[in-house]
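Rule-based calculations on the coordinates, nothing more; no lab input. Not measured: the values here are computed from a predicted model. We place every Cβ from the backbone using ideal geometry, glycine too, and count neighbours over all the protein chains shown.
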Amino acid sequence: MAVDLVKNFGPISVLRRLTLVAKPGEVSVIFGPNGAGKSALLRIIATLSRADDGKVNVNGFDSLRQGERVRQSTGVVLHSPMLYGDLTGLENLRFFARMFRLDNADQQISKISDQLRVTDILDQRIATLSHGMQKRIAIARALLHEPQVLLFDEPETGLDQQALHLFQNLLMEWRDEGRCVLMTTHNIERGLAVCDRVAILAGGRLEFERPRTELTESQLRQSYSELAGPSQ
């Protein structure tokens, strides 16, 4: 997915020759503290930002030469919901459905809204909704075009327990459908609950990678502490 990525913000080196492989039918979780470069990595994969060096290949498409194909293949949820605050949830979803040129827009909106339990709030303006409800509609936006690659940056932020349980169930469904899910978090307990593969981002590189079945929570916490500092 990503090979030898370099990203600098002025004199600060955020990603240092980082290489990442994420596979279809797996939930890969990258752990790391705030400021480790997790958001920068996902933004580059999603073509929302450009690396200073290195290559990104998503679903068989090169991010530089085939950016539009990458975006068609990818659904992304970052800290910002990437929704228009003055529009209702329904107006937002219809707008993004047009962007992706969906022929079955209303059917897709109905299906995804029901899955995420947001049907009853779609007539409300985004700016009037809680952060958690905005996050749910942002997830619906990311799934409208049924992408094969899903990118989530600390998706648990702002979600209540009901929404977290719903999100975890959906993650399992997406994985079982053969989609590639890449998620970042600094919360070890929540990340381990959903992942098939674990990585730790520290010093601008993935310094630790293991299948979930090969480590316990205590082992991961010890490795995290050694590489990135105390965990949450």
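Expressed as a fraction of 2.2 N^0.38 Å, the value expected for a compact globular protein of N residues, the C-alpha radius of gyration of the stretch 2-228 is 1.00.
Toward the positive end of the charge dipole of the chain, with +1 on the Cβ of Lys and Arg and -1 on the Cβ of Asp and Glu, the farthest Cα among 157, 83, 174 is that of 83. The angle between the Cα long axis of helix 131-143 and the longest principal axis of the Cα atoms of the chain comes to about 90 degrees, rounded to the nearest 10. Note on the chain: helix-only mean residue ellipticity at 222 nm, from DSSP H runs of 4+ residues weighted -39500 (n - 2.57) and normalised by residue number, equals -11000 deg cm²/dmol. Result for the chain in a Gaussian network model with C-alpha springs under 10 Å: among 184, 88, 74, the largest mean-square fluctuation is at 88. Amide H to amide H distances under 5 Å link residue 205 with 16, where only residues 5 or more positions off or on other chains count and H is placed in the peptide plane. A protection proxy built from the mean count of other Cβ atoms within 10 Å ranks the segments 13-22, 206-215, 192-201, 220-229, most packed first, as 192-201, 13-22, 220-229, 206-215.
With N as its number of residues, the stretch 38-150 has a Cα radius of gyration that, divided by 2.2 N^0.38 Å, comes to 1.10. Pick from 31, 100, 152: which residue has the top mean-square fluctuation in a GNM of the chain where Cα pairs under 10 Å get a spring? So, out of 31, 100, 152, the one fluctuating most is 100. Among the trypsin sites (Lys or Arg not before Pro) in the stretch 112-141, those placed in a DSSP loop whose Cβ has at most 15 other Cβ atoms within 10 Å are 117.
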